[in-house]
Structure formats: structure tokens, C-alpha cells
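Accompanying notes for the structure given below.
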Amino acid sequence: MAIERLTDDLLVEILSRVPAKVVCRCKAVSKRWIGLIDHPDHRKRLPQPLAGFFYNSTNENPFPISTVHFVNASGSGCPFICPSLSFLPSHRRLDLLDCCNGLLLCRWYDASAGGDRFWYIVCNPGGVGGVA
């Protein structure tokens, strides 16, 4: 069959152009395909299903402290992102404002500056380095 002669790189390129749901179904094609799809070097190029989601919680006693949490949607394994946001400076007061295409828009309050001085931060928790 002609598809068996396709190189791994070409198969990964083809799979990178289909929806995540289809990629998940393709794992059932053969052991070779599941190996390609699950290989760490290829996962970054292939569409991924929902890894999880971020949400804010605030503790008002005695001072307002916002905490960003991550919920792993698969319930197993390590997510492909850095859910602790450890790449951000002290994130004692960090508000998650919005997200789009994997990027997070946050409002970060500088605890050392005091008062309500803040900065907007755009970060990519799935990327290397984190902050954009």
C-alpha cells in the first residue's frame, strides 16, 4: 500500500493539518502511527486536545490574594504546560483576565511596590520561557 511508503516526517506533517479529534482517532491505525503521534518531538507539532484550564480564586482574609490554578482535563499524566506559572515574578497577586490561543493575559500586582500598582503580562505557559 502507498501509505506505508510515506516517511515519518511526511506523516507528521499531514497529521499536523488535521483536527485534534482526528489525530486521536489515527492512533488506532497502527503501532507505527501511535508511536509517531505520542513521540515527544512530534506532540509539539500535532494538534492537541484540551490539556486543561486555568481559573482564579481569591482569598480576602486579611488582604486580597489571587491565586491562579490549573486543572488537568485528562486527569492523568503531566500536562504539556507549566501550570504553576513559576516563570512569573512573585505571583502573590495575579489576576487571570483572559486567554486566547494558549496565551494568558494577566494583571500582576507588584507586592514590593505597595498600593495598586500593576502591570499586564501576556504569557505562554506551554512555551519555553513562559513570558511573552
Could you tell me whether the range 87-106 includes any residue that is at negative phi, surrounded by 17 or more Cβ atoms within 10 Å (Cβ to Cβ) and at pLDDT below 65?
yes
Test each condition in (1) surrounded by 14 or more Cβ atoms within 10 Å (Cβ to Cβ); (2) at pLDDT below 70; (3) not β-branched (Val, Ile, Thr) for residue 124 and report the one that comes out false.
(2)
Taking the condition modelled with pLDDT under 85, loosely packed, with under 11 Cβ neighbours inside 10 Å, among the small types (Gly, Ala, Ser) and more than 30 Å from residue 109 (Cα to Cα), does residue 2 pass?
yes
Looking only at residues that are surrounded by 13 or more Cβ atoms within 10 Å (Cβ to Cβ) and more than 30 Å from residue 109 (Cα to Cα) in the range 46-71, which one is modelled with the highest pLDDT?
46
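The values are calculated or read from the model by the stated rules, or taken from the named source; none is laboratory data. Values in this document were obtained by computation on a predicted structure and should not be read as measured data. Cβ atoms come from the backbone with ideal geometry, glycine included; neighbour counts cover every protein chain shown.
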